[in-house]
Amino acid sequence: MRTRKPLTVGAVAKNVSALVLAVVFVFPVYWMFSSSLKPQHEIMTKDPVFAFTPTFENYTTATGVDLFWTYVQNSLTVTVGAVLLALLVALAASFAIARMKFKGRKGIVLIVMLAQMAPWEVMVIAMYMISRENDMLNSIPMLTLIYFVMVLPFTIWTLRGFIAAVPVELEEAAQIDGCTRGQAFRKVIFPLLAPGLMSTSLFGFITAWNEFAMILMLNKDKESQTLTLWLTQFQTAFGSDWGATMAASTLFALPVLIVFLFLQRKAVGGMTAGAVKG
């Protein structure tokens, strides 16, 4: 009969540390959600209120603003569009970088790395001038294109690692069996890229969904704005409506949580695997 090893002091310390860290990270989320269900006077009280009667009035206020569903539609359009475009372009680019030998390959890899590390906020003015010169301010397609460019470097870099990790012998064996190079990629390599596709999709979704600076500068027209600017609307002459703000923040976080739960099995391993292989 197998006996359980007694816990050492080090193991107990690690478990306690992990529990403390979990509480530290989870508590703000709990407080946001609980505050969204509290009346305004219980949110603004000096002493924290943990026992309260839930109310959905804050959610009614948050979703009752003008053009709420337009903001939802715009956010989904630019986010999903940017992620799909990035995956499509990155698949071809990462395959070329990982499998083909051509002049300037190392330079392209360096450019991708630099683009990934660069803070996109420094490009806001340049993006604004380009959009203005091409009469594309307040444009959902232009915003989708910008978000696509923002998530593309990480997508290329990560997928490159996954493609490089697939043995080239599998691709060659498929070609010997009569497949073209495109068919070998589609039937052999592509099915093995699920972790990379999931992790890059999750990263791209979070990046595009949460982006604030570009939409603030480029889309002044309310009908072309997204949910990130919707979060800033709950101001009154008497201050901030924190109940509605917490309700809006909770609703804003739900799509990311749903996408993460849907992709987590494949995405967690892919976050690190693709970035270090190859």
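Take the chain and mark each of the trypsin sites (Lys or Arg not before Pro) that is in a DSSP loop with at most 15 other Cβ atoms within 10 Å; the longest unmarked stretch, sites excluded, is 104-219. Can you find, among Gly178, Phe154, Val112, the residue sitting farthest towards the positive end of the charge dipole of the chain, where Lys and Arg contribute +1 and Asp and Glu -1 at Cβ? The one lying farthest along the dipole's positive direction is Gly178. Comparing mean-square fluctuations of Ala126, Ala93, Ala22 from a GNM of the chain with C-alpha springs under 10 Å, the top value falls on Ala22. Excluding same-chain pairs closer than 8 in sequence, count the lysine pairs in the chain whose Cα atoms lie under 26 Å apart. Final tally of qualifying lysine pairs is 9. Rolling a 1.4 Å probe over the protein chains gives Phe27 an accessible area of about 100 Å². Using the Cβ-Cβ distance between Met32 and Val122 with R0 set to 22 Å, the FRET efficiency works out to roughly 0.15. Relative contact order of the chain, taken over Cα pairs closer than 8 Å and 6 or more residues apart, is 31 percent. When a/c reaches 1.5 or more, the comparison of a/b and b/c decides; with that in mind, is segment 190-233 rounded, prolate or oblate per its Cα gyration tensor? Taking the square roots of the gyration eigenvalues as a ≥ b ≥ c, segment 190-233 is prolate.
Taking Cα centre as origin and charging only the Cβ of basic (Lys, Arg, +1) and acidic (Asp, Glu, -1) residues, the dipole magnitude of segment 30-156 rounds to 980 debye. Of the heavy-atom accessible surface of the chain (probe 1.4 angstrom), what whole percent is carbon and sulfur? The value for the chain is 69 percent carbon and sulfur by accessible area.
A Förster radius of 22 Å, combined with the Cβ-Cβ distance separating Val49 from Thr232, puts the computed FRET efficiency at roughly 0.30.
Think of each Lys and Arg Cβ as +1 and each Asp and Glu Cβ as -1; about the Cα centre, that makes the dipole of the chain roughly 1480 debye.
On a 0 to 90 degree scale, rounded to 10, what angle separates helix 105-117 from the longest Cα axis of the chain? Approximately 10 degrees, to the nearest 10.
For the chain, the solvent-accessible area of protein heavy atoms averages 60 Å² per residue (probe radius 1.4 Å; ligands and nucleic acids excluded).
Between Ile130 and Leu192, the C-beta separation translates, for a Förster distance of 35 Å, into a calculated FRET efficiency of about 0.40. Name the shape class, rounded, prolate or oblate, that the alpha-carbon gyration tensor gives for the chain, where a ≥ b ≥ c are the square roots of its eigenvalues, rounded holds for a/c under 1.5, and otherwise prolate holds if a/b is larger than b/c and oblate otherwise. Oblate, since a/c reaches 1.5 and b/c is not below a/b. When the charge dipole of the chain is built from unit charges on Cβ atoms (+1 for Lys and Arg, -1 for Asp and Glu) and taken about the Cα centre, the candidate among Pro54, Val29, Met217 whose Cα reaches farthest toward its positive end is Val29.
For segment 215-260, what does the alpha-carbon gyration tensor say about shape, rounded, prolate or oblate, given a ≥ b ≥ c as the root eigenvalues, a/c under 1.5 as rounded, and a/b over b/c as prolate? Oblate.
The values are calculated or read from the model by the stated rules, or taken from the named source; none is laboratory data. What you are looking at is a predicted structure, and each value in this text was computed from that prediction instead of being measured. Neighbour counts run over all protein chains shown; Cβ positions are idealised from the backbone, glycine included. The area values use the complete protein model at the heavy-atom level, side chains included, leaving out ligands, DNA and RNA. Shrake-Rupley method; radii C 1.70, N 1.55, O 1.52, S 1.80 Å.
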